[in-house]
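S.K.: Provided herewith is a single structure, encoded as structure tokens, for subsequent inquiry.
The values are calculated or read from the model by the stated rules, or taken from the named source; none is laboratory data. Note that the structure is a prediction, hence the values are computed from the model and not measured. Heads up, the Cβs are rebuilt from the backbone with ideal geometry, glycines too, and the neighbour counts pull from every protein chain shown.
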């Protein structure tokens, strides 16, 4: 039987102009929270329609309700305050949270369940439940309360675990716990792994962790110990040099790899041929039925048109590879 | 004791004031033109310099308001290298476009020179240029052309020297070479680094300093690099707690800067604690040979906190000046 080669997406999508406007109007108190939620749901439907039209296999809801992947949780949990914006690159800024008290839920668990459930209702294809991992939330916040990073990370791990369990209970088949900061400090990799063990303990789901823009050279192959089913890594951004690092050890039979094949921080549209070449290189390392193809990272920094174009190139490249390699 | 900042500063205001972020957004939406964008950048640079004036900094950077990252200006000035994909900048949630070397490097020049000429014209405070050091450039770039580390290093040193030379008549008072990679990564050939940096600094007729930050390996560079042509070493004493004991131990043949103000945490330092830490170093190194500064560019902080850190610098300087020492008030 032919092996399958699946496509997915990492997380965020660009917010359509109608939602950008609604968010601005909500900030100016011109519309209600309910009106904003309606605008978010409409945008989510559009994101799902696009992915279905393109034929993507495992979908995301696009994170229309979120501004930033860390700030979203900080805004909704206790123990954080919001700082003025800090630049992360180019002209991109984020409100870096400040931990000023013990972190905890503000209300009932399941902060992300409602948006996941609304998105899943739009499609028969699986929608990933999207969470940010404890290590990254800690690393991308100022800590003005906890005596050390470890105690903050572990408190956060318990919160993320409860959130993951709530998603699983709601029916999420795939749960992605993003840990882009995990490659920041190789000496803390074990700590991050320990925290992920808390998050994924007894979690009845297909677990994924997206990691990007780091020093993989320093953390591979130790990264394979991260207790998730699938690692989702970026490769296009570094001209696929990551694949040479992955060649160091045979790819484990019990792990999946999702590999980023288009640079989400560049206006340049990749050609189908270069994306195809990247996929074929990845197939030399990971068998097709353990490989997923996606963009390097969330698409929110692209315009809607750019995001569509990049995803279309991916889908065309995957279709050609499937045909030429006898894959489904 | 003198005070300075190290490099970058937030491009947005804490409250009202010129915001480069907003100006770029408006420029991209075509609601303002190039002239207005340029004016905002100048106004923001002026704000950084005014802050230095207000707090009586002895030397300041221009806040590197025009730079996207520490390589940006130099990459624009050098042929056959381009700003490529984003990578994490060491252990920060900040991303730089890594220099991608595509052919033999050659110096074109003009961009950094023009940027600094504009900044000097705005400043009444002595202004320094901040440039990437050759080892950080080498470590954080991608070589698709040389495939020979030594040949690439030699050319990087040469283009950086040409860059530095091109700045000498702009009115800057100092060139600060930033080498966070030497602090951050553990394995370097100390002899090679010393010899290369000596070549880099040789016969450049301007005060030159070396900034080492964001790593625990800073203390091991103090002795070898104290005699490599730099007038002063700026040392991150937050990331490497061995720095302070070393500087307390014996005098160095070079001025020393202490990065005791944490440029990556919002927690405000205690002025009295800082003075206490500085006292023995001032005694050993000599008060006129010691500088205090943040342990990196302040752009990793929100603008209100960045300003607060500059304020702490001046408070500590004032406290040191008035502190009873050696048997009497100064």
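S.K.: Restricting attention to the range B:124-177, and to residues there that are within 14 Å of another protein chain (Cβ to nearest Cβ) and part of a helix (DSSP H, G or I), which single residue is nearest to residue B:7 (Cα to Cα)?
M.R.: Step by step, filter the range B:124-177, then rank; the result is B:140.
S.K.: Here's another thing I want to ask about it. Identify, by number, the condition in (1) part of a helix (DSSP H, G or I); (2) surrounded by fewer than 22 Cβ atoms within 10 Å (Cβ to Cβ) that residue A:29 doesn't meet.
M.R.: Checking residue A:29 against (1) part of a helix (DSSP H, G or I); (2) surrounded by fewer than 22 Cβ atoms within 10 Å (Cβ to Cβ), the one that fails is (1).
S.K.: Regarding residue B:101, is this residue modelled with pLDDT of 95 or more, within 14 Å of another protein chain (Cβ to nearest Cβ), in contact with a strand residue (DSSP E or B) (Cβ under 6 Å, 6 or more places away or on another chain) and not in a helix (DSSP H, G or I)? Quick ask: steps written out before the conclusion?
M.R.: On the way: modelled with pLDDT of 95 or more: yes; within 14 Å of another protein chain (Cβ to nearest Cβ): yes; in contact with a strand residue (DSSP E or B) (Cβ under 6 Å, 6 or more places away or on another chain): yes; not in a helix (DSSP H, G or I): yes.
Against the criterion (modelled with pLDDT of 95 or more, within 14 Å of another protein chain (Cβ to nearest Cβ), in contact with a strand residue (DSSP E or B) (Cβ under 6 Å, 6 or more places away or on another chain) and not in a helix (DSSP H, G or I)), residue B:101 qualifies.
S.K.: Let me ask something else. May I ask you to list the residues in the range B:255-295 that are crowded, with 18+ Cβ neighbours inside 10 Å and within 14 Å of another protein chain (Cβ to nearest Cβ)?
M.R.: B:262, B:263, B:264, B:265, B:266, B:269
S.K.: While we're here: Touching a residue at least 24 places away in the same chain (Cβ under 8 Å) and either part of a helix (DSSP H, G or I) or surrounded by fewer than 16 Cβ atoms within 10 Å (Cβ to Cβ) (or both), is that true of residue A:123? Please lay out each step first, then the result.
M.R.: Numbers: touching a residue at least 24 places away in the same chain (Cβ under 8 Å): yes; either part of a helix (DSSP H, G or I) or surrounded by fewer than 16 Cβ atoms within 10 Å (Cβ to Cβ) (or both): yes.
Here the answer is yes, as residue A:123 does meet what is asked.
S.K.: Follow-up. Got at least one residue in the range A:144-161 being more than 15 Å from the chain's Cα centre (by Cα), within 14 Å of another protein chain (Cβ to nearest Cβ) and buried (at least 18 other Cβ atoms within 10 Å of the Cβ)?
M.R.: Step one: of the range A:144-161, the residues more than 15 Å from the chain's Cα centre (by Cα) are A:144-159, A:161.
Then keep just the ones that are within 14 Å of another protein chain (Cβ to nearest Cβ); that gives A:144-149, A:152.
Adding the requirement that they be buried (at least 18 other Cβ atoms within 10 Å of the Cβ) leaves A:146, A:152.
Within the range A:144-161 (the criterion being more than 15 Å from the chain's Cα centre (by Cα), within 14 Å of another protein chain (Cβ to nearest Cβ) and buried (at least 18 other Cβ atoms within 10 Å of the Cβ)), the answer is yes, since at least one residue qualifies.
S.K.: A further question follows. May I ask you to verify whether residue A:181 is part of a helix (DSSP H, G or I), buried (at least 23 other Cβ atoms within 10 Å of the Cβ), at pLDDT below 95 and within 14 Å of another protein chain (Cβ to nearest Cβ)?
M.R.: On the way: part of a helix (DSSP H, G or I): yes; buried (at least 23 other Cβ atoms within 10 Å of the Cβ): yes; at pLDDT below 95: yes; within 14 Å of another protein chain (Cβ to nearest Cβ): yes.
Against the criterion (part of a helix (DSSP H, G or I), buried (at least 23 other Cβ atoms within 10 Å of the Cβ), at pLDDT below 95 and within 14 Å of another protein chain (Cβ to nearest Cβ)), residue A:181 qualifies.
S.K.: Checking residue A:109 against (1) surrounded by fewer than 19 Cβ atoms within 10 Å (Cβ to Cβ); (2) in contact with a helix residue (DSSP H, G or I) (Cβ under 7 Å, 6 or more places away or on another chain); (3) not in a loop (DSSP other than H, G, I, E, B), which single condition isn't satisfied?
M.R.: Failing condition for residue A:109: (3).
S.K.: Next question. When you go through (1) at the interface with chain A (Cβ under 9 Å from one of its Cβ atoms); (2) closer than 19 Å to residue B:311 by Cβ; (3) in a helix (DSSP H, G or I) one by one for residue B:25, which number turns out not to apply?
M.R.: Evaluating residue B:25 over (1) at the interface with chain A (Cβ under 9 Å from one of its Cβ atoms); (2) closer than 19 Å to residue B:311 by Cβ; (3) in a helix (DSSP H, G or I) leaves (2) as the failure.
S.K.: Can you pull out the residues in the range A:131-143 that are touching a helix residue (DSSP H, G or I) at 6+ places or on another chain (Cβ under 7 Å) and either surrounded by fewer than 24 Cβ atoms within 10 Å (Cβ to Cβ) or within 14 Å of chain B (Cβ to nearest Cβ) (or both)?
M.R.: Initially, the range A:131-143 is screened for residues touching a helix residue (DSSP H, G or I) at 6+ places or on another chain (Cβ under 7 Å), giving A:131-141, A:143.
Those that are touching a helix residue (DSSP H, G or I) at 6+ places or on another chain (Cβ under 7 Å) and either surrounded by fewer than 24 Cβ atoms within 10 Å (Cβ to Cβ) or within 14 Å of chain B (Cβ to nearest Cβ) (or both): A:132, A:133, A:135, A:136, A:137, A:138, A:139, A:140, A:141, A:143.
S.K.: Checking the condition in contact (Cβ under 8 Å) with a residue 24 or more places away in the chain, assigned to a strand (DSSP E or B) and under 29 Å from residue B:164 (Cβ atoms), which residue from B:68, B:80 passes? Break it down into steps so the answer makes sense when it comes.
M.R.: On the way: B:68 fails: assigned to a strand (DSSP E or B).
Exactly one of B:68, B:80 is in contact (Cβ under 8 Å) with a residue 24 or more places away in the chain, assigned to a strand (DSSP E or B) and under 29 Å from residue B:164 (Cβ atoms), namely B:80.
S.K.: Another question about this same structure. Within the range B:227-236, restricting attention to residues that are at negative phi and at pLDDT below 95, which residue is surrounded by the most Cβ atoms within 10 Å (Cβ to Cβ)? Full working, then the answer.
M.R.: The initial filter retains those residues of the range B:227-236 that are at negative phi, namely B:227-228, B:230-236.
From what is left, the residues that are at pLDDT below 95 are B:227-228.
Values: B:227: 12, B:228: 21.
Looking at the filtered set, the residue picked out is B:228.
S.K.: Same structure, new question: Any idea how many residues of the range A:52-104 are away from chain B (no Cβ under 14 Å) and in a helix (DSSP H, G or I)? Outline the logic, then answer.
M.R.: Taking the range A:52-104 first, the residues away from chain B (no Cβ under 14 Å) are A:52-67, A:72-73, A:75-79, A:101-104.
With in a helix (DSSP H, G or I) added as a condition, the list becomes A:52-54, A:72-73, A:75-76.
Number of matching residues: 7.
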